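Trainee: One structure, as structure tokens, below. Some questions next.
The values are calculated or read from the model by the stated rules, or taken from the named source; none is laboratory data. If you're wondering where the values come from, they're calculated on a predicted model, not measured in any experiment. For neighbour counting, all protein chains shown are included, and Cβ atoms are generated from backbone atoms with ideal geometry for every residue, glycine included. Only protein heavy atoms, including side chains, enter the accessible area calculation; ligands, DNA and RNA are left aside. Shrake-Rupley method; radii C 1.70, N 1.55, O 1.52, S 1.80 Å.
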Amino acid sequence: VIDTGSLKVIDGGQIAVSTAGIGNGGDLEITADEIELIGRSEFGASGIFGNALIGTGDGGNLKIDTDNLTILDGATISASNFSSRSNSNIPPGEGQAGNILINANAVKLDNTFSDIPSGITASTNNSGGGNIDLNVSGDITISNQSEIDADSRGNADGGNIKITANNLNLNNQGRVSVDSTGSGKAGNIEIKANNLNANQGQITATSSNSGGGDLQLAIDFILLDNSELSTSVLDGTGGGGNLEIDSNYIVARNNIQIIANADRGDGGNINITTKVFLLAPDSLVDASSQSGVDGVVEINSPDTQEQIGVVQLPTEVTDPTALIAAVCPKEEDNAFVMTGKGGLAENPRQNLRGESVWEDLRDFADVPTVANVSSSNAEIVEAKAWNVNDRGNVELLSYIPQQNNQDYWALFNQCRNK
């Protein structure tokens, strides 16, 4: 048990609980605010290990609780039946490989100076085990060929990987994988996250001789760029695993592969449930078999015809300023002015008031006057009265008609009612 503020393991240093006989390996628990595993030496990787070698004893379990976990330049966290030492002739153990549990706020794997990838790995031989469980409240970033990997090299099925995170970022060949190079079946991968950002990244379940594992992704937004999601069998009669994706939005561009293929066995099934699926034309969604029965590709959407399509995404982002129309260029001296109690309300939701008036603010100083209002030189006479003619229309009169007061008011009321 290690409880510390900061833990740093470098230059081939190791913290290990292992067995090389019939006894079981011990468990390792580490609690630290910050954990850094960096580099390698000529003897092997820096890191944290729970190995079960030579005999039949089971490997120990590794449990890590930390705010920030950083694994760089070939360092590793490993629970395995195989030796971590370079060029080791130690035979693999026959017991069950240990499991890895990591609770963290952020996890980063990167590789700049080593030819061997940084990783969190679990390798089993003939007795199974080797599961990896990551509970990360923040981001998991896997870059530059670094990996989270559970594999089987014997006749047992490989371990499973379960990841819960806010954001999962896979960059430059960073990968999450389960695989089998023996007769055992590859394990399964289950990922729950808000966002998956994969730029040349991989999430794969691959088997050389037996069946491929299953991939189950429940991720709100998936952005794939030149990346791969696959569960496949490279050789042998095993069938491809199933690939299930549940997401609100999937954007796939630049040679994306979403595949569940097999060689001589049946192809796996692909089931995608999403609101929007944007797939570039050079991408591939395929569940086929070279010699067996092809799998089924099913895409479920509220409106398949409108929401899902094959589109060519632009390689360059358009400058938004070029899309704005200059409707009021400054040099034209145009203006929109509202002053005083005009007829316009101060905002679109304000009711017009009855006392609102309209005032024409235009300058008519330069407007040419009309010399003649008609073809004749008749004098313009101001109207002195009005009347309702026999057609019911009001007409202006240049004289005051001779009628009594009672008739006048009757005429007024008649006009008002009209």
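Trainee: Over 22 Å from the mean Cα position of the chain (by Cα) and at pLDDT 75 or above, is that true of D333?
Mentor: no
Trainee: I would also like to ask the following. Given the conditions (1) open to solvent by less than 10 Å² (accessible area, probe 1.4 Å); (2) of a type in the set (S, T, N, Q); (3) more than 23 Å from I10 (Cα to Cα), report the number of the one that S118 does not fulfil.
Mentor: (3)
Trainee: What's the number of the only condition in (1) over 30 Å from G158 (Cα atoms); (2) under 17 Å from the mean Cα position of the chain (by Cα); (3) at pLDDT 85 or above that N300 fails to meet?
Mentor: Single failed check for N300: (2).
Trainee: Give me the pairs: first residue in region 19-31 and outside any loop (DSSP other than H, G, I, E, B), second residue among the aromatic types (F, W, Y), beta-carbon distance under 9 Å, and six or more apart or on different chains, which are they?
Mentor: Within 9 Å, the pairs are L28/F49.
Trainee: Also, quick follow-up: Out of A165, A150, which single residue is of a type outside the set (K, R), touching a strand residue (DSSP E or B) at 6+ places or on another chain (Cβ under 6 Å) and under 16 Å from A218 (Cα atoms)?
Mentor: Criteria check complete, one pass: A165.
Trainee: Only one of L284, L278, L313, L243 is aliphatic (A, V, I, L, M), over 20 Å from A205 (Cα atoms) and modelled with pLDDT of 70 or more; which?
Mentor: So the residue among L284, L278, L313, L243 that is aliphatic (A, V, I, L, M), over 20 Å from A205 (Cα atoms) and modelled with pLDDT of 70 or more is L278.
Trainee: Moving to a separate point now. Residues of region 1-18 being open to solvent by less than 80 Å² (accessible area, probe 1.4 Å) and either β-branched (V, I, T) or part of a loop (DSSP other than H, G, I, E, B) (or both), which ones?
Mentor: I2, T4, V9, I10, G12, G13, I15, V17, S18
Trainee: Which members of region 45-57 meet the condition of being surrounded by 22 or more Cβ atoms within 10 Å (Cβ to Cβ), touching a residue at least 40 places away in the same chain (Cβ under 8 Å) and not hydrophobic (A, V, I, L, M, F, W, C)?
Mentor: Within region 45-57, G50, N51 meet the criteria.
Trainee: Hey, another quick one. Sort out which residues of region 29-44 are modelled with pLDDT of 95 or more, buried (at least 21 other Cβ atoms within 10 Å of the Cβ) and closer than 30 Å to N126 by Cβ, and write them in order of number.
Mentor: L37
Trainee: Where the second residue is of a type in the set (G, A, S) and outside any strand (DSSP E or B) and the first is buried (at least 20 other Cβ atoms within 10 Å of the Cβ) and lies in region 89-102, which pairs have Cβ atoms under 6 Å and are six or more apart or on separate chains?
Mentor: Sorted first by the residue in region 89-102, then by its partner, the pairs are G95/G57; G95/S127; Q96/S127; Q96/G128; A97/G59; A97/G130; G98/G59; G98/G60.
Trainee: Moving on to the next point. Which one is nearest to D110 (Cα to Cα) among residues in region 143-185 that are touching an Asp or Glu at 6+ places or on another chain (Cβ under 8 Å) and among the β-branched types (V, I, T)?
Mentor: V176
Trainee: Looking only at region 129-153, how many residues end up being open to solvent by 10 Å² or more (accessible area, probe 1.4 Å), touching a residue at least 40 places away in the same chain (Cβ under 8 Å), part of a loop (DSSP other than H, G, I, E, B) and of a type outside the set (K, R)?
Mentor: Final tally of qualifying residues: 1.
Trainee: Could I ask something else about it? Counting only residues that are charged (D, E, K, R), within 19 Å of G13 (Cα to Cα) and not in a loop (DSSP other than H, G, I, E, B), how many does region 59-106 have?
Mentor: Qualifying residue count for the region: 2.
Trainee: Still on this structure, I have one more. Name the residues in region 165-204 that are in contact (Cβ under 8 Å) with a residue 40 or more places away in the chain, under 13 Å from N144 (Cα atoms) and open to solvent by 10 Å² or more (accessible area, probe 1.4 Å), would you?
Mentor: none
Trainee: For region 215-232, state whether one or more residues are open to solvent by 10 Å² or more (accessible area, probe 1.4 Å), touching a residue at least 40 places away in the same chain (Cβ under 8 Å), polar (S, T, N, Q) and within 21 Å of R153 (Cβ to Cβ).
Mentor: So far as region 215-232 goes, no, none of its residues is open to solvent by 10 Å² or more (accessible area, probe 1.4 Å), touching a residue at least 40 places away in the same chain (Cβ under 8 Å), polar (S, T, N, Q) and within 21 Å of R153 (Cβ to Cβ).
Trainee: In region 165-177, is there at least one residue being within 19 Å of T231 (Cα to Cα), assigned to a strand (DSSP E or B) and β-branched (V, I, T)?
Mentor: yes
Trainee: Which residues, taken from region 77-87, are free of Cβ contacts under 8 Å to residues at least 40 places away in the same chain and either touching a helix residue (DSSP H, G or I) at 6+ places or on another chain (Cβ under 7 Å) or open to solvent by 40 Å² or more (accessible area, probe 1.4 Å) (or both)?
Mentor: If the condition is that a residue be free of Cβ contacts under 8 Å to residues at least 40 places away in the same chain and either touching a helix residue (DSSP H, G or I) at 6+ places or on another chain (Cβ under 7 Å) or open to solvent by 40 Å² or more (accessible area, probe 1.4 Å) (or both), then N87 is the only one that fits.
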